Amino acid sequence: MITINDKKDCMGCHACSNICPKSCITMKSDSEGFWYPSVDYNKCIKCGVCVKVCPIINKTVVQNNPRAYACYNKNETVRLESSSGGIFTLFAEHIINNGGVVFGAVFDKSFSVVHSYVETKEGLERFRGSKYVQSKIGDTYKQAKEFLDEGTKVLFTGTPCQIGGLKSYLQKDYGNLFCIDIICHGVPSPKVWEKYISYQQNWNESTIRKIIFRSKDKGWKRYSVSVSFNNAIEYLQTFDKDLFMKAFLKNICLRPSCYKCDFKTLHRQSDITLADFWGIQNVLPDMDDDKGTSLIFVNSIIGQYMLENIKDKILYKETDINEAIFYNSSAIKSVKYNPKRENFFKEINQLSFDKLVQKYCSDNILVRIKKKLKAVVRTILKKIGLLVVVKKLLEI
């Protein structure tokens, strides 16, 4: 039976609960709001399949030579509605046009983030856009397997660990399965997200109608969190000032496994990796108009085949993968542990959300001065053309 001795050794992928033949494993939230397996020992038959499908216990080594591309959708409307370059929509539409189904993260009615699937192009809008919360997989691994066994094409999207969980759960390769993962910063607690939602609704005295994590009203690089309320109030705040994004980017509310992630690598189990191409202005400036440019890693033959199928609908250029990850280190490096994290969660039930974030995520004056000086030096180096050179020297 599955046993979690150290919480950093479980990323909540739900593979064990999906595979259990007696349904004796349920995923339960801990005090921080993260899901972990709970075993009903009265039902358990000690078959051990839960242990066999755990992607942390049974690590998969991938040997491939991924290729990197900068690209964006030629359809301006879809591109602006997407977090980066609008590429996911094209892959998803291709699968649906061929009679397939698409799995991914969506908001439910209460704006919790869950995994679901859709069989029509009209339903893809719910899947579009980043959702900076750990999505609940639920039974979607089982559902995907049912479609695969029927011969239906399946596109499954998720974080690298969720794709690892799916592959471990399936226990065999399927020619009709296509997987997309992302360059993941880390997954915030659903409990922290629920507290933010409650704070927003109380402050604006209304329920929420729509949430966009990455509004491009001020451009792609300086994106905003947009929340629309049923009383016609519109909240719009840049990522550096929004309370939830502050907590997220300070690494204070991430899952324990995210600080030592086993899935940070260029050799991934997915066919395609999607991400924002941060640093595009330095790598391929002609591909940057601040409307969103995607970074794609093609990780497999299937991935290359899928890319070929959408090339007439995108603008793209192949790029050196090492130069790309220089500006996108989250592809291969875990985030640093925030030493304030433990106290942040200790007080999550005592303080209001704004007070909690202000207490644990605000920079002191010395840090603010340091950031300002760093920004000035960065601007000067960029103007004289030495920014990339200095960055590379610092990496040595």
Measuring from its Cα centre, the stretch 1-155 shows a charge dipole (+1 at each Lys and Arg Cβ, -1 at each Asp and Glu Cβ) which, in debye to the nearest 20, is 340 debye
Straight-line reach from LYS264: which aspartates and glutamates have a Cα under 19 Å away, not including same-chain ones fewer than 8 places off? ASP9, ASP181, ASP276, ASP320, GLU323, GLU395
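Can you compute the FRET efficiency between LYS172 and ASN75 using 1/(1 + (r/R0)^6), with r the Cβ-Cβ distance and R0 = 51 Å? Round to the nearest 0.05.
0.90
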Test of understanding: extend the Cα→C-beta vector of HIS267 to 7 Å, then name every residue of the stretch 66-89 with backbone N under 16 Å from that spot. 66-67
Label-point separation (nm) for LEU387 and LYS210, each offset 7 Å from Cα along Cα-to-Cβ? 3.3 nm
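Within the set of other residues whose C-beta is less than 14 Å from the C-beta of ALA105, count the net charge using Lys and Arg as +1 and Asp and Glu as -1.
Numbers: positive: ARG126, ARG128, LYS131, LYS136, ARG214; negative: ASP108, GLU125, ASP181.
Summing Lys and Arg as +1 and Asp and Glu as -1 gives +2.
How would you order 35-48, 69-82 from highest to lowest mean count of nearby Cβ atoms within 10 Å?
By packing density, highest mean first, the sequence is 69-82, 35-48.
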Run the quick spin-label model on LYS28 and LEU236: label points 7 Å from Cα toward the beta carbon, then report their separation in nm to one decimal. 4.5 nm
Normalising by the residue count of the chain, find the relative contact order in percent from Cα pairs under 8 Å and 6+ residues apart. 20 percent
Label point 7 Å beyond Cα of ASN202 along Cβ direction - residues of the stretch 318-353 with amide nitrogen under 12 Å: 349-353
Full-extension gain in nm, GLN358 to ASP9, via 0.36 nm per residue minus C-alpha separation: 122.6 nm
Using the structure shown, list the pairs from LYS191/LYS340; LYS121/LYS172; LYS317/LYS383; LYS52/LYS336 with a Cα-Cα distance above 19 Å, or answer none. LYS121/LYS172; LYS317/LYS383; LYS52/LYS336
With semi-axes √(5λ) of the Cα gyration tensor in Å in mind, check (i) 34, 29, 17; (ii) 29, 24, 23; (iii) 31, 28, 22 and report the label derived from this structure. (iii)
In nm, to one decimal, how far is the VAL61 label point from the ASP320 one, both placed 7 Å along Cα→Cβ? 2.9 nm
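How much of the accessible area of the stretch 214-277, probe 1.4 Å, is carbon plus sulfur, in whole percent?
Carbon and sulfur: 51 percent of the exposed surface of the stretch 214-277.
The values are calculated or read from the model by the stated rules, or taken from the named source; none is laboratory data. Keep in mind it's a predicted model, so treat the numbers as computed, not measured. Backbone-built Cβ (ideal geometry, glycine too); neighbour counts: all protein chains shown. Surface areas here come from the heavy atoms of the whole protein model, side chains and all, with no ligands, DNA or RNA. Shrake-Rupley method; radii C 1.70, N 1.55, O 1.52, S 1.80 Å.
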